[in-house]
C-alpha cells in the first residue's frame, strides 16, 4: 500500500485522511481542474489501496463542495462558479467580522502569541510565493476567531474558508498581488491585539468584501 507520494509508505494517519489531503490539494492547486472526472479505480491503483478509503475521501470532499457525484458517472471536480463564490463570501461577511471581534474580547496572551505567529507564517508563505498560502490565510483568520467561538461557529467558518481557499488561489494565480491583503492583515492583528471590537468588525468586513470584489472581477 503506497503513500501519498506514490513510492513511500503510509504509516500513521488513516489512509482516507491522507487521500483526502492529497486530493484536496490537487483540487485547490488546479492539478485537478473543475469538471475533471475522478476515477476511484485509478486512484486506488495509483496509491495501492482499496476503493473504500478512496470513497471515504471523496465523500468528505463532496461535503466540502469540492467534488460532485453524478448517477452512473461517478465523481468529478466541482467547477468554480460565480454563484458559489458570491454565496461563500456573503456568508463570511455575515459571520466572520463579529466572530473576530468576539475572539479579541476573549483572547489570552497565548492566543495573541498564536495569532501573531500565524500572521508571520502567512507573510513568509506569501514572500516565498507558496502555492498553499491560501491555507496560511485561513489559519490566520481562524486564529482571530477561535478564542471567542463555539464549536458550531468554528465548523461553519472552517468550511467556508476551505471553499473560499480555492477561489482565493484562483484569484492569486490571476493577479498575484498580495500587497494590499498583507497591509490589511497587519492592521487587523493590531486592532485585535488591542481589543478594538468595532474597528475589528469594520476592518474584517472591508477585507472580506474587497477580496470578494477582486474575485468577482476575475471570475
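Residues that are outside the structural domain of residue 24 (by TED's automatic domain parsing), touching a residue at least 60 places away in the same chain (Cβ under 8 Å) and in contact with a helix residue (DSSP H, G or I) (Cβ under 6 Å, 6 or more places away or on another chain): find the helices (runs of 4 or more DSSP H) completely inside the range 103-219 holding 3 or more of those.
On the way: elements: 109-127, 133-145, 151-175, 179-193, 197-218.
In the range 103-219, the matching helices (runs of 4 or more DSSP H) lie at 109-127, 151-175, 179-193, 197-218.
Looking at (1) in a helix (DSSP H, G or I); (2) touching a strand residue (DSSP E or B) at 6+ places or on another chain (Cβ under 8 Å); (3) surrounded by 16 or more Cβ atoms within 10 Å (Cβ to Cβ); (4) free of Cβ contacts under 8 Å to residues at least 60 places away in the same chain, which is the one condition that is false for residue 27?
Every listed condition holds for residue 27 apart from (4).
Quickly run through the range 98-118 and pick out the residues that are closer than 16 Å to residue 160 by Cβ and crowded, with 21+ Cβ neighbours inside 10 Å. Even if it seems obvious, please write down each step before you answer.
Let us first name the residues in the range 98-118 that are closer than 16 Å to residue 160 by Cβ, namely 98-100, 103.
Within the range 98-118, 99, 100, 103 qualify.
The values are calculated or read from the model by the stated rules, or taken from the named source; none is laboratory data. Computed from a predicted structure; not experimentally measured. Counting neighbours? That spans all protein chains shown, and the Cβs are built from the backbone with ideal geometry, glycine included.
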